[in-house]
Amino acid sequence: CSLPCQRTSVAGSVSAYVDVKQETEPAVWSPVGMTQDDFMLKDECVVVNYMDEVVGHDNKYNCHKFLPGQPKGIVHRAFSVMLFDAEGRILLQQRAASKITFPNVWTNTCCSHPLHGMQPPEVDTPEAVAGGDPEGVKHAAVRKLGHELGIRNSELQVDRFRFMTRVHYWAADTVTHGRDAPWGEHEIDYLLLYRLKPGELITLTPNEEEVQSVRWLSLEDLRIAMAGGDGELPKSMPLWSPWFRVIAERFLYTWWQDLDAAITTNKYVDVSGIHRFDAPVEHLGGAGDAIPSLDELYVAEQQTMAGRRELALEAGKGEQIFGFINRHVPNSKSTGMERGANGKVPMHKYSIFDTLARPLELLAMLRLNAGILEDNLRKERANPDVAFCDVMLGRVSPSYAVAIRQLPEGLCIDVCIFYLVLRALDIIWDDMEAFQSRGAEKETELISFGARRLSDELCSINGVGQGNDARLLRKFGKVARVFNTLPADSQAVIRDITDKIGAGMAEFVSADLGQGTRNLAEYNRYCHKVSGLVGEGLTRIFVARGESDALKGQGKHIWPFCADSQKQPANFALANSLGIFLQKTNIIRDYLEDYIDGRAFWPHSVWQTHSFTGDLGEFARPTAHGAGKVLPMSGKAQTVAAKGVGLQALRCLNELIADALELVPDSLEYLDLLRTPGIFRFCAMSQLLAMATLTECFDNPKVFTGVVKIRKGLTARLICACVGGPDAILFWFERFARQLMSVAKSGKCAGANSYIGERVVTVCSRIIDTAQRKSQEAPLAVVRQCGL
């Protein structure tokens, strides 16, 4: 297997992160000196999708955790050996009481897992499976028969194992651990038969840490034992593994009655099928509240064999997403959470008590309520169409409404309409249902929106968006009417940028973004198309109203989509940095919403270096973002979540935040060039709130469970700072940068001791230097000036 084996573990307290890279060379597995805990942490299961295609690996602990966010664990490869003697009796084992999952149950001869990184290799190729000879699984069977039962390798021949078929099942270990059990099995299980020849003997010395008893049973005895009742066998064998019950009833009894044919011919072999079944009723639930799904999938597969792969993979992803969006109780009243923009994930908001505990934030909120902000749309509201636009602005984006109203009279209405036009375009782009299976129609709408909709003063777009977004589109004619009253130069800029953004969005309509953008170049290009161009448009409007031509120039960041500044000084690179910074902040914060919608933007070339499974959705699993260690869980889940937990999601998050922070010096340069107070406040609010959002998201596992929001009180303080002027803004940028740098330097974040930590420290140092260089007054004076 050529999959990368990269592991991060957490040692010590919550604040201590240690990045550990696991050895990638194949190793000979040895049980010497290892406990059950050791096996669970060290053994790397082969993670597969619902078609048994290898996608990566993870430790046994993580694969078997049934937690909120992964209610059925992580599906992985397994095997079940049914070993018969020459008389046709099957060897059964009772699992040891010390086993973490399903202790004390009777089951087949041996059931375990092929492992990643073993020698001989235990990861089989699709070709080996299709050919009926999964040699890797057979090697794993030999290894575990020796470990659990003491059967010597020399007493078994790999080529005598008969691979019969695969079963896909899951079961929460609720019988052992109760209704909220944090453990379970979710496996695609390779069923192997092995029969001893007459006179052939095997050594049986069970490992007491694995097996507490063994028995040879005939077919009839097994039926009696599993049937229950008052007989000697049922009483002595009361507990059975859920997988063996189903295997016996659906397959084993049939094979056993014709064992010669089953062992020596292909009469019962099915190497292409994957038989699926849900857990018995007593094994439903668990800490993640898992519910049935595989029985229904299996029936659907039998009815549509041609599209079986697509159906199975879609079901697997649907199951995964179901776990993500149902990790919190959906009733927002009981959780204290609102739902995010797509209505599927929670928003992680601070309570009012967090603000009450911070007097300065409470004071800032009181100042805002007292009316320290300007409202330069006030005079325009006599026009009913403008009044509608103002109301919709406040409803679809309250924060931008506050910022836009700070702009000077005249310019205020221009930017209001500019925002609403682009918001309408964005609603069309974001709606994944209205244009389902009609990609070409969506592309046409986006490309032609400026030419078609801005000139239609009776425009009404129905069936797109929800709530206030839908209302804006239904009554878009009102926006168009106000647009047509704007100065000609503003109209030209708005139409031009709308056409460019619409065309840019259309480029990505048919792109497969289920696993993000392909690389950093495409990630940057997307951000340019949907937000960098907004920066260009605003800058053109600002310069036309008297701001410096330098705003149109080159910043520190060189963008491939901006002209060479030596040949074209007015290349709008600085303005692009302003918009791209905001877009990257939104993309980072909206990870879960975007993934669930099937259209994500985290660059594949970045996140794949952190992932163990090759799926961007992996990061939303509790086992990938430090659940139980840096993100507390409730009940029994907390007791098991931390052990073996990965931090790969947090490392990736921190790397992308470092990438976004590299644009902040350009943002500060842009703000420094502004001379009109209202324009400065407008630009500063969005940039500063983005900086605060990135600081809140940094190393925050809640990014992977919902939408992270900053405190309302902090928002109020930052808005007050924008009113206070440039020095107050610089104070806050420096403060956030110092906060991030302190965390990275102290080793209290994922990736702190790697290139990620170095990158965070480097960029924060640049932000601090830039802020100090541009600041005209000491921070203490800023505090006094702004009442902070």
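The values are calculated or read from the model by the stated rules, or taken from the named source; none is laboratory data. Not measured: the values here are computed from a predicted model. No Cβ is skipped: glycine too gets one built from the backbone with ideal geometry, and neighbour counts run over all protein chains shown. What goes into the accessible areas is simple: the full protein's heavy atoms, side chains included, and nothing from ligands, DNA or RNA. Shrake-Rupley method; radii C 1.70, N 1.55, O 1.52, S 1.80 Å.
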Practice problem: Examine the stretch 472-494 for a residue that is open to solvent by less than 50 Å² (accessible area, probe 1.4 Å) and closer than 30 Å to Thr609 by Cα, and state whether such a residue exists. | Solution: no
Quiz item: What is the residue count in the stretch 637-683 for residues that are aromatic (Phe, Trp, Tyr) and outside any helix (DSSP H, G or I)?
Solution: 0
Quiz item: Could you count how many residues in the stretch 700-718 are open to solvent by 20 Å² or more (accessible area, probe 1.4 Å) and either more than 13 Å from Phe736 (Cβ to Cβ) or among the basic types (Lys, Arg) (or both)?
Solution: 7
Quiz item: Do we have Glu441 as more than 31 Å from the chain's Cα centre (by Cα), over 26 Å from Gly532 (Cβ atoms) and surrounded by fewer than 22 Cβ atoms within 10 Å (Cβ to Cβ) here?
Solution: no
Quiz item: Within the set of pairs 6 or more residues apart or between chains, which connect a residue that is touching a residue at least 12 places away in the same chain (Cβ under 8 Å) inside the stretch 220-239 to a residue that is of a type in the set (Phe, Trp, Tyr) with Cβ atoms less than 8 Å apart?
Solution: Arg223/Tyr253; Ala225/Trp106; Met226/Trp240; Met237/Trp106; Leu239/Trp106
Exercise. Check Ala341, Ala315, Ala387, Ala401 and return the single one that is out of contact with any Cys (no Cβ under 8 Å at 6 or more places or on another chain), within 30 Å of Ser293 (Cα to Cα) and modelled with pLDDT of 90 or more.
Key: Ala315
Exercise. Being assigned to a helix (DSSP H, G or I) and in contact with a His (Cβ under 8 Å, 6 or more places away or on another chain) narrows it down to one of Phe619, Phe542, so name that one.
Key: Phe619
Quiz item: Restricting the stretch 444-459 to residues that are of a type in the set (S, T, N, Q) and open to solvent by 60 Å² or more (accessible area, probe 1.4 Å), which is nearest to Phe388 (Cα to Cα)?
Solution: Ser455
Quiz item: What about Arg327, is it touching a Gly at 6+ places or on another chain (Cβ under 7 Å), surrounded by 13 or more Cβ atoms within 10 Å (Cβ to Cβ), in contact (Cβ under 8 Å) with a residue 24 or more places away in the chain and not in a helix (DSSP H, G or I)?
Solution: yes
Quiz prompt | Residue among Tyr298, Tyr268 that is in contact with a strand residue (DSSP E or B) (Cβ under 7 Å, 6 or more places away or on another chain), of a type in the set (Phe, Trp, Tyr), modelled with pLDDT of 95 or more and within 22 Å of Arg162 (Cα to Cα) | solution = Tyr268
Quiz item: Is it true that some residue in the stretch 542-554 is out of contact with any Ser or Thr (no Cβ under 8 Å at 6 or more places or on another chain), of a type outside the set (Gly, Ala, Ser), touching a residue at least 40 places away in the same chain (Cβ under 8 Å) and open to solvent by 30 Å² or more (accessible area, probe 1.4 Å)?
Solution: no
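Of the residues Thr355, Thr335, only one is surrounded by 13 or more Cβ atoms within 10 Å (Cβ to Cβ), at pLDDT below 85 and of a type outside the set (Gly, Ala, Ser); which?
None of the other options fit; the residue is Thr355.
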Exercise. Being of a type in the set (Asp, Glu) and not in a loop (DSSP other than H, G, I, E, B) is the filter; apply it to the stretch 100-154 and report the residue that is least open to solvent (accessible area, probe 1.4 Å).
Key: Glu148
Quiz item: Is there a residue in the stretch 576-595 that is polar (S, T, N, Q) and touching an Asp or Glu at 6+ places or on another chain (Cβ under 7 Å)?
Solution: yes
Quiz item: If you check Asp159 against the conditions, is it over 24 Å from Glu87 (Cβ atoms) and either within 31 Å of the chain's Cα centre (by Cα) or acidic (Asp, Glu) (or both)?
Solution: no
Practice problem: Inspect the stretch 528-545 for any residue being out of contact with any helix residue (DSSP H, G or I) (no Cβ under 9 Å at 6 or more places or on another chain) and farther than 14 Å from Glu669 by Cβ and give the result as yes or no. | Solution: no
Exercise. Considering each residue of the stretch 257-300, count those that are farther than 30 Å from Ala637 by Cα, free of Cβ contacts under 8 Å to residues at least 40 places away in the same chain and in a loop (DSSP other than H, G, I, E, B), and give that number.
Key: 3
Quiz prompt | Output for the stretch 626-653, where each listed residue is under 26 Å from Ala744 (Cβ atoms) and touching an Asp or Glu at 6+ places or on another chain (Cβ under 6 Å) | solution = Leu650
Quiz item: Given Ser686, Ser634, which one is outside any helix (DSSP H, G or I), among the hydroxyl-bearing types (Ser, Thr, Tyr) and either under 30 Å from Ile404 (Cβ atoms) or open to solvent by 10 Å² or more (accessible area, probe 1.4 Å) (or both)?
Solution: Ser634
Quiz item: Name the pairs: first residue in the stretch 169-186 and more than 10 Å from Lys72 (Cβ to Cβ), second residue small (Gly, Ala, Ser) and assigned to a strand (DSSP E or B), Cβ to Cβ under 8 Å, at least 6 apart or on different chains?
Solution: Asp173/Gly184; Thr174/Gly285; Arg179/Gly285; Asp180/Gly285; Ala181/Ala172; Ala181/Gly285; Trp183/Ala172
Quiz item: Does any residue of the stretch 570-592 turn out to be more than 27 Å from Gly69 (Cβ to Cβ), of a type in the set (A, V, I, L, M) and part of a loop (DSSP other than H, G, I, E, B)?
Solution: yes
Self-check item: Pick from the stretch 428-438, criterion acidic (Asp, Glu) and assigned to a loop (DSSP other than H, G, I, E, B), ranking: most open to solvent (accessible area, probe 1.4 Å)
Solution: Glu433
Quiz prompt | Tabulated pairs, the stretch 665-690, first of a type in the set (Lys, Arg), second in a helix (DSSP H, G or I) and open to solvent by 30 Å² or more (accessible area, probe 1.4 Å), C-beta under 9 angstrom, 6+ apart or interchain | solution = Arg681/Val723
Self-check item: Filtered residues of the stretch 207-238 (kept if open to solvent by 60 Å² or more (accessible area, probe 1.4 Å), in contact with a helix residue (DSSP H, G or I) (Cβ under 7 Å, 6 or more places away or on another chain) and closer than 22 Å to Asp173 by Cβ)
Solution: Glu209
Practice problem: Would you mention how many residues in the stretch 374-411 are assigned to a helix (DSSP H, G or I), crowded, with 22+ Cβ neighbours inside 10 Å and free of Cβ contacts under 8 Å to residues at least 40 places away in the same chain? | Solution: 2
Quiz item: Is it the case that Ala248 is in contact (Cβ under 8 Å) with a residue 24 or more places away in the chain, of a type in the set (Gly, Ala, Ser), within 25 Å of His186 (Cα to Cα) and open to solvent by less than 30 Å² (accessible area, probe 1.4 Å)?
Solution: yes
Quiz prompt | Where a residue in the stretch 441-455 is over 15 Å from Val479 (Cβ atoms) and its partner, wherever it lies, is exposed (fewer than 14 other Cβ atoms within 10 Å of the Cβ), with Cβ under 8 Å and at least six apart | solution = Glu443/Ser510
Quiz prompt | Test: Arg474 is at pLDDT 95 or above and charged (D, E, K, R) | solution = yes
